[in-house]
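The block underneath contains the structure these notes are about, expressed in structure tokens.
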Amino acid sequence: MARFAISRRGFCASLAAGAAFGPRPLRAAEMPDLMAGPTSVQIAPEGYGKTNVWSYGGTIPGTPLHARQGERLRRRLVNELPVATSVHWHGIRIDNAMDGVAGLTQDPVAPGETFDYDFVLPDAGTYWYHAHTNSMEQVARGLSGPLIIAEAASDAPDVDRDEVLMLDDWLLNPEDGQIVDNFDNAMTLSHGGRMGNLIGTNARYDYTLPVKTNERLRLRLINAANARIFGLRLEGVTGWTIALDGMPLEEPEPLTGPIILAPAQRIDLIIDVTADEGDTAGILRRDDEDTWRPQAIFPVRGRASKSKRAAPSALPPNLRMDMPNLADARPLDLPMEGGAMGRMRGGRMGGGMMGARDLMQAGQFWSLAGQIGLDETPFARLSRGEPARMKITNDTVFPHAMHLHGMHFRTIATDGTQGPMRDTVLVLPNEKIEIAFTADNPGKWLFHCHVLGHAASGMTTWIDVT
Ligand code: C2O
Ligand code: CU
């Protein structure tokens, strides 16, 4: 009897204490569907017809999922695709069985089958979900969507509007506007990954968001591109960064220089529109020729208030944001090799050694700590609660966006100070960085490059937390 007498307050308190609840039986009505299937949408410019895509819920971006911190998310993946699939909830410090990695945390869901995802959302912030079975193809075909977790109502920042901007990059055939389907092209795998020729925001290449002078917006930027690193600049606004990869910064940081957003990274901004009525504010993107082009256009129509507002205050911190204990941290070493113009001579794959030529023939181009792709043995075994620090050395001539599942980490500066919590870090060519995290989430967690072609051609490993 007593176990049902728990009060609402007690329930929230136990959530706050990080208690794990066993799954309870669900009635069908409590498990809304998340349909993955083919559809067609207008993403190409006028003059082209619709593009055939794969999507969640029939839209691009996929159905936006909204919840509040501490709640449970329940979705029944219904696979109407012609191929097997699974869903990964990127950046959620999730129960391992729900992480959606086909071949590691679950079996792929065959066409016509379903899978019930049911998990607690421990953190507020900007997250996203995407396919994690052959993701280099499935994400490129459109299988991703925003996952927005609200702070408790009293903690939400005071803004006029809250907007999600999902940045994408489509590789379309200029003849017919359809997706180019050479996903495992050796040239792109061994170079910078699959770059598109139609860059957009929320599936619009001319994404437009009317704003007002002195209006305050929260912008949640999500880089859903397969490989593109966005260099962005805002115009006609002043702004602050308030969160990275979902996790609040201790203090809002005024926007000064450009924003770099690697694949899978998110940034939450608060912006005040300073441009006058009739002007245009917006977000510009640096393109390959080093010119700035519009990524999001904010036409200024009207005035929200006469005066500017005071600087925003910080978001409330999420739970478990304490600094990893560096003194006791287990040291790990992760050299990255391979790619075009790289030095990879060979590596371990499928339990044996393989030379560079054989690897190339197998469509594999990259290694992490000498290992190509997933092995039965993890890169590291950590015991629950153990702090770890990992030195990542990029011995390639390409940038990589390294993502850890299940836990956020902090970069460690040379003087030992720790940066903000992130789940994906950009490692530039020939750069060495060090990250630290507390292995507080048990399970099998992938660590891979979020340039999805790199992940598929060697740059994927895993960590076991027991
Ligand atoms: Cu965004 Cu392994 O995932
Ligand atoms: Cu990479």
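The values are calculated or read from the model by the stated rules, or taken from the named source; none is laboratory data. In this text the structure is predicted, and so the values were computed from the model without any measurement. Here the Cβ is made from the backbone with ideal geometry for all residues, glycine too, and neighbour counts use every protein chain on show. The protein model used for the area step is the full one, side chains on, heavy atoms only, and it has no ligands, DNA or RNA in it. Shrake-Rupley method; radii C 1.70, N 1.55, O 1.52, S 1.80 Å.
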What does the accessible area of LYS444 come to, in Å² to the nearest 10, when a probe of 1.4 Å is used?
80
How large is the Kirkwood hydrodynamic radius of the stretch 220-355, in angstrom, based on all distinct alpha carbon pairs?
18.8
Could you give the accessible area per residue of the chain, probe 1.4 Å, as a whole number in Å²?
43
For the chain, what is the relative contact order in percent, using Cα pairs closer than 8 Å and at least 6 residues apart in sequence?
13
VAL180 long-range amide H proximity, modeled H, under 5 Å
LEU171, LEU172, ASN173
From Cα pairs below 8 angstrom and at least 6 apart in sequence, can you work out the relative contact order of the stretch 91-224, rounded to a whole percent?
24
Accessible area, 1.4 Å probe, largest first: how do ASP155, ASP123 sort?
ASP155, ASP123
What are the ³J(HN,Hα) couplings of the stretch 95-110, residue after residue, when phi is run through the Karplus curve with 6.51, -1.76, 1.60 and θ = phi - 60°? Round to Hz, x for glycine and proline.
5, 3, 5, 9, 6, x, 8, 4, x, 10, 10, 7, 7, x, 8, 5
Treat every Asp and Glu Cβ in the chain as -1 and every Lys and Arg Cβ as +1, leave all other atoms uncharged, and give the resulting dipole magnitude about the Cα centre to the nearest 20 debye.
860
Those lysines that a straight Cα-Cα span of less than 18 Å connects to LYS212, excepting residues fewer than 8 apart in one chain
LYS306, LYS308
In whole Å, largest first, the alpha carbons of the chain cover along the principal axes 69, 67, 53
Descending semi-axes in whole angstrom, ellipsoid equivalent of the stretch 246-311, from the Cα gyration tensor
23, 20, 10
Would you check the accessible area of PHE365, probe 1.4 Å, heavy atoms only, in square angstrom rounded to 10?
20
Would you kindly work out the equivalent ellipsoid of the stretch 309-466 from its C-alpha gyration tensor and give its semi-axes, the square roots of five times the eigenvalues, largest first in whole Å?
30, 18, 14
Note down, for the stretch 161-303, the three equivalent ellipsoid semi-axes (square root of 5 times each alpha carbon gyration tensor eigenvalue), biggest first, whole angstrom.
29, 18, 12
Label point 7 Å out from ASP33 along Cα-to-Cβ: which residues of the stretch 70-105 have amide N under 13 Å?
76-81
Ignoring any ligand, DNA or RNA, what whole percent of the accessible area of the stretch 189-288 comes from carbon and sulfur when the probe is 1.4 angstrom?
46
Rounded to the nearest 5, what % of DSSP beta bridges with both residues in the chain are antiparallel?
75
